[in-house]
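Below is one structure; the comments refer to it alone.
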Amino acid sequence: MNSKKERLSIAMFHGLKQDSIVGPVASLITEKTPPQFKKVGVEEYFKNFFARKLEGKSFIDDMRLDHDN
């Protein structure tokens, strides 16, 4: 661990059905704790993940919701 940098943990699942939706768990979403990431279909997620080029920010940043708007 690096005590000077924030740590990011990402849950990874194996064997998901392609027609499944992944996203924040509904029971964790409240007015005080809004979702930080988009809900997306598994097939769309992997299609976009493997299609992107290694330019700039990471793919997880593309999934982040913007709460400033």
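Checking each residue in segment 10-57 for being exposed (fewer than 11 other Cβ atoms within 10 Å of the Cβ) and within 11 Å of the chain's Cα centre (by Cα) picks out Ile10, Ala11, Met12.
Only one of the numbered conditions (1) modelled with pLDDT under 85; (2) in a loop (DSSP other than H, G, I, E, B) is not met by Thr30, and that is (1). Restricting Glu43, Glu31 to those that are acidic (Asp, Glu) and touching a residue at least 12 places away in the same chain (Cβ under 8 Å) reduces the list to Glu43.
Within segment 33-62, the set of residues being at pLDDT below 90, among the β-branched types (Val, Ile, Thr) and part of a loop (DSSP other than H, G, I, E, B) is empty.
With respect to the conditions (1) at pLDDT below 85; (2) outside any loop (DSSP other than H, G, I, E, B), Ala11 falls short on a single one, namely (2).
The values are calculated or read from the model by the stated rules, or taken from the named source; none is laboratory data. Computed from a predicted model, the values in this text were never measured in an experiment. Reconstructed Cβ throughout: ideal geometry from the backbone, glycine too, with neighbour counts over all protein chains shown.
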